[in-house]
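Participant: Let me begin by handing over the structure; questions about it come next.
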Amino acid sequence: MNEFDYYIFIDYSENLLGYLIIENKDIQQILSKITRLRHYREAGDKKSYIRNVKNTFKREDLLKYFIKYKIRETRENLEIFSDIAEFLARHTNLMIFVSVDNKQYHNFERLVKIINGESTKIVKESELKHYTPEHKISLVLDNWLNIER
């Protein structure tokens, strides 16, 4: 795992868009709590899978590991992007990893180039390697979006 100071995950699901920001030092703590998460489409019984994931979110209090997080309807994507742009602008001297949903990638990439292009690595969600810490943490957001739908 590369040494980035912060990791930002942006994902889209039907009519929802969300993001999570986690500091590098908190990654190991959350990884032990999300070992059973997988992509929603891989679940056999989707209804019971969502119920179990919802219980995991409550029991493990997963969102406490994230500095900032938010889910909004896609028509409110400007709010999501402005929150992240503000975060990037305040942390210009730090290395930041950003995973963005493929549908939002190009728009977000242009925004980051304006604000903080040199110290930020942007990766499409589909390019995350399976079973890496980055992929596992992206599943937290993916499952959270599915719970909210």
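A short reminder: the numbers here are calculations on the coordinates, not readings from a lab. Everything numeric in this text was worked out from a predicted model, so none of it was measured. Neighbour counts run over all protein chains shown; Cβ positions are idealised from the backbone, glycine included.
Participant: Within region 48-106, how many residues are in a helix (DSSP H, G or I) and not charged (D, E, K, R)? Spell out the reasoning first.
Facilitator: Step one: of region 48-106, the residues in a helix (DSSP H, G or I) are 48-60, 62-65, 74-90, 105-106.
Now drop any that are not not charged (D, E, K, R), which leaves 48-50, 52-53, 55-57, 62-63, 65, 74, 77-78, 80-82, 84-85, 87-89, 105-106.
Qualifying residue count, region 48-106: 24.
Participant: Only residues that are among the aliphatic types (A, V, I, L, M) and outside any helix (DSSP H, G or I): list them for region 15-30, please. Explain how you work it out, then say what you get.
Facilitator: So in region 15-30, the residues among the aliphatic types (A, V, I, L, M) come out as 16-17, 20-22, 27, 30.
Within region 15-30, LEU16, LEU17, LEU20, ILE21, ILE22 qualify.
Participant: A follow-up question, please. Identify all residues within region 108-132 that are part of a helix (DSSP H, G or I), surrounded by fewer than 18 Cβ atoms within 10 Å (Cβ to Cβ) and not aliphatic (A, V, I, L, M); write none if there are none.
Facilitator: GLU109, ARG110, LYS113, SER126, GLU127
Participant: Check ALA85 against each of (1) out of contact with any strand residue (DSSP E or B) (no Cβ under 8 Å at 6 or more places or on another chain); (2) closer than 19 Å to ASP26 by Cα; (3) surrounded by 15 or more Cβ atoms within 10 Å (Cβ to Cβ) and name the one condition it does not meet.
Facilitator: For ALA85, the failing item is (2).
Participant: Only residues that are of a type in the set (A, V, I, L, M) and touching a residue at least 24 places away in the same chain (Cβ under 8 Å): list them for region 64-99, please.
Facilitator: ILE67, ILE71, ILE80, ILE84, ALA85, LEU88, ALA89, LEU94, MET95, ILE96, VAL98
Participant: Here's a follow-up. Would you be able to say whether some residue in region 67-75 is surrounded by fewer than 16 Cβ atoms within 10 Å (Cβ to Cβ), under 12 Å from the mean Cα position of the chain (by Cα), farther than 22 Å from TYR131 by Cβ and not β-branched (Val, Ile, Thr)? Quick ask: steps written out before the conclusion?
Facilitator: Narrowing region 67-75 to residues surrounded by fewer than 16 Cβ atoms within 10 Å (Cβ to Cβ): 67-68, 70, 73-75.
Adding the requirement that they be under 12 Å from the mean Cα position of the chain (by Cα) leaves 67-68, 70.
If we keep only those that are farther than 22 Å from TYR131 by Cβ as well, we get 67-68, 70.
Still in the running and not β-branched (Val, Ile, Thr): 68, 70.
So far as region 67-75 goes, yes, one or more of its residues are surrounded by fewer than 16 Cβ atoms within 10 Å (Cβ to Cβ), under 12 Å from the mean Cα position of the chain (by Cα), farther than 22 Å from TYR131 by Cβ and not β-branched (Val, Ile, Thr).
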